[in-house]
Amino acid sequence: MNDDGRPLFVQIAEDIASAVVDGTYPEGTQVPSSNELAAFHRINPATAAKGLNQLVTQGVLQKRRGIGMFVAEGARARLLDSRREDFASQYIAPLVTEARKLGIDPEQLKKMIDVWGDER
Amino acid sequence: MSRNVIAMHGVTKRYGDVTALDGVTFALEENRIHGLLGRNGAGKTTAMQILTAQNFATAGTAEIFGERPYENARVLARTCFIRESLRYPDNYRVDHALRAAASVYPHWDAAFAEDLLGEFGLPRKRSCKKLSRGQQSAVGVVIGLASRAPLTFFDEPYLGLDAVARQLFYDRLLADYAEHPRTVVLSTHLIDEVSDLIEHVVLIDAGRVLIDAEAEDLRGRAVTVTGPVEAVERFARGHSELHREQLGGFLRLTLSGAVPSSSDGDLRFEPVSLQQLVVRTTQRNAAIRTDEGALS
């Protein structure tokens, strides 16, 4: 996997969470097993299982004994909520820091965001 | 409860006045893939030989499956040791070597061995001494995998194996381990290639254990920071320095235990791979030993 310095199990959990958010795994569908993830990403199965178990703890996945892991009811909404909470620290903070370095004041920055939004 | 399959306690091995192992203590848990890392001559092979009763410790105790391995057929039958250069009798063919392995390992899977022979392109009727270096290594890898021994050592099994064959080995190891969990000890220099496979790392240098930790914990243990000298020095305060490089006004430090800071835009942070961490830790240990030698 990508070596971005974060634990592999965290990357596994985030990959699956992202796939739940973008609808690749709708609620109620089965996600890959730890052995399938291990083979695909070429990582230790215990690491893959740790990533899946983290999502179970967060209520994103549900374990069905002997069958596998499934996307829990309401998982997408919960993930969207928590990502919105993190949005400011992850995206706004670096944006404002860089703007300040370049001498762009907050008013200008707001205008730039409006223009960017209109163009899309 | 996970239990230890391997336990070394204060193991020392001396050859005359050369100390190969110097009070080595570590334990390896059952049903995990462990990495036994270190430079050539660090003492890895000696440690594995002592654990498999092929060598005697000068002092200390070594146990596998909770028992001493010497003349202990019960625990040795559950152990497979694939060495860097396995030698077979001159008249042995590939299929003879496999048949011999089948009689030694109670968990031997003949069908799996056949699959692997095909995948590694090994001619079963060829005499072992006519195999290329890579093919000889592949025979060892096939035996190590198909033995399904509850405790399997791979000691640098790849001499002559190309990148494609090594990837095949890792893939088959991972898939078979997932279906048949067992304890695997991988001793290798190709750390980047196995860093995502191993769960636990023991690093030996000059006969001593330098690192004994979960691979996951090691991933975040060190960070490389690059930037203007003053800013980097300010950030580095209070952290242990593993490596230092400077180019004019720019400084690059590898630091242990430091967490990247997003507040200082002049600093650039990069993760340190397991291989880099092992190299830097070993280099620092060599420097410390040189200093000690100068003092004594």
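The values are calculated or read from the model by the stated rules, or taken from the named source; none is laboratory data. This one's a predicted model, so the numbers in the text were calculated from it and none came from an experiment. With ideal geometry, Cβ positions are generated from the backbone for all residues, glycine too; neighbour counts draw on all protein chains shown.
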TODO: Inspect all residues belonging to segment B:95-105 and state whether any of them is in the same structural domain as B:Ile143 (by TED's automatic domain parsing), without any contact (Cβ under 8 Å) to a residue 24 or more places away in the chain and within 26 Å of B:Ala178 (Cβ to Cβ).
DONE: yes
- [ ] Output the number of residues of segment B:83-104 satisfying the condition of being aliphatic (A, V, I, L, M) and modelled with pLDDT under 90.
- [x] 1
- [ ] State all residues of segment B:29-39 that are away from chain A (no Cβ under 14 Å) and surrounded by 19 or more Cβ atoms within 10 Å (Cβ to Cβ); if no residue qualifies, say none.
- [x] B:Leu36, B:Leu37, B:Gly38
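Yes/no matrix, rows are residues, columns are (1) among the small types (Gly, Ala, Ser); (2) on the phi > 0 side of the Ramachandran plot:
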| residue | (1), (2) |
| --- | --- |
| B:Arg39 | no, no |
| B:Gly43 | yes, yes |
| B:Ile50 | no, no |
| B:Ala62 | yes, no |
| B:Leu76 | no, no |
| B:Phe81 | no, no |
| B:Arg87 | no, no |
| B:Asp90 | no, no |
| B:Ala101 | yes, no |
- [ ] Would you check if there is a residue in segment A:55-74 being farther than 30 Å from B:Asn31 by Cβ and either more than 19 Å from the chain's Cα centre (by Cα) or not charged (D, E, K, R) (or both)?
- [x] yes
- [ ] Determine, yes or no, whether A:Asn44 is buried (at least 19 other Cβ atoms within 10 Å of the Cβ) and of a type outside the set (A, V, I, L, M, F, W, C).
- [x] yes
Task: Residue list for segment A:16-36, filter: within 23 Å of B:Ala175 (Cα to Cα), surrounded by 16 or more Cβ atoms within 10 Å (Cβ to Cβ) and away from chain B (no Cβ under 14 Å) - done: A:Ile16, A:Val31
TODO: Would you please name the residue that is farthest from B:Asn285 (Cα to Cα), looking only at residues in segment B:217-249 that are small (Gly, Ala, Ser) and in contact with a Pro (Cβ under 9 Å, 6 or more places away or on another chain)?
DONE: B:Gly249
Open item on the list: Can you confirm whether B:Met48 is without any contact (Cβ under 8 Å) to a residue 60 or more places away in the chain, surrounded by 15 or more Cβ atoms within 10 Å (Cβ to Cβ) and within 22 Å of B:Glu214 (Cβ to Cβ)?
Closed with: no
- [ ] Check off (1) surrounded by fewer than 24 Cβ atoms within 10 Å (Cβ to Cβ); (2) of a type outside the set (A, V, I, L, M, F, W, C); (3) farther than 23 Å from B:Gly121 by Cα for B:Thr183 and give me the number that stays unchecked.
- [x] (1)
Open item on the list: Anything in segment A:1-15 that is at the interface with chain B (Cβ under 8 Å from one of its Cβ atoms) and of a type in the set (D, E, K, R)? List them, or say none.
Closed with: A:Asp3, A:Asp4, A:Arg6
Open item on the list: I'd like to know if segment B:54-72 contains one or more residues that are touching an Asp or Glu at 6+ places or on another chain (Cβ under 9 Å), free of Cβ contacts under 8 Å to residues at least 24 places away in the same chain and not in a strand (DSSP E or B).
Closed with: yes
Open item on the list: Against the conditions (1) loosely packed, with under 13 Cβ neighbours inside 10 Å; (2) touching an Asp or Glu at 6+ places or on another chain (Cβ under 9 Å); (3) of a type in the set (Asp, Glu), where does B:Glu233 fall short? Just the number, please.
Closed with: (2)
Open item on the list: Exactly one of these conditions fails for B:Ala42: (1) surrounded by 21 or more Cβ atoms within 10 Å (Cβ to Cβ); (2) modelled with pLDDT under 95; (3) within 14 Å of chain A (Cβ to nearest Cβ). Give me its number.
Closed with: (3)
